[in-house]
């Protein structure tokens with residue numbers, strides 16, 4: 001059976017606006033001249049003028065980031081040390097890779113009002129509208145109005161968010177979600193109400 005892969009990932013860059021300022025990646029770009037001192041570590045005593053064109057042998061990037069930067073998968077361990085009634089939460093290396101290559105199902109909630117908490121019935125209604133029957137391990141993608149804010153500093157909506165009962169409804173269908181899933185013994189996360197200021201361009 002053929003598969004179509006849809007790349008929804010975003011770049012890692014200094015200017016990313018989807019993270020709060022203190023969590024943004026920090027990337028230092030080096031061109032070939034910048035790396036001459038590093039090349040000299042491998043070739044002690046060789047002057048910069050002795051390298052071809054007076055340049056080092058590689059352009060490079062120094063990257064500082066957290067596991068929460070860019071497009072990523074959050075393991076249960078990210079949210080809480082235990083799961084399933086006290087069992088140790090799965091770390092990212094314990095998440096079966098097979099879970100990451102499954103059919104995708106999009107729920108379109110872009111019409112929902114700003115700050116609305118989606119209910120289980122609204123999820124069921126959207127599945128009925130699209131004619132989709134969820135299968136265990138399907139990957140559910142929730143499309144909200146907040147997506148329009150990425151790259152658009154003039155867009156003020158934060159979109160809607162998945163509520164507890166909507167989340168539990170999906171889990172009961174066998175969906176494994178990489179998003180925060182409040183449950184028994186888990187902290188509840190409010191829908192974000194803050195837009196981060198757009199950073200200054202660095203490159």
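The values are calculated or read from the model by the stated rules, or taken from the named source; none is laboratory data. Just so we're clear, the structure is a prediction, and the values are computed from it rather than from any experiment. Every residue, glycine among them, receives a Cβ derived from its backbone with ideal geometry; neighbour counts consider all protein chains shown.
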What do you reckon, is residue 121 within 22 Å of residue 5 (Cα to Cα) and surrounded by fewer than 16 Cβ atoms within 10 Å (Cβ to Cβ)? no
Residue check for residue 175: out of contact with any helix residue (DSSP H, G or I) (no Cβ under 8 Å at 6 or more places or on another chain), buried (at least 16 other Cβ atoms within 10 Å of the Cβ), modelled with pLDDT of 75 or more and in a loop (DSSP other than H, G, I, E, B):
yes
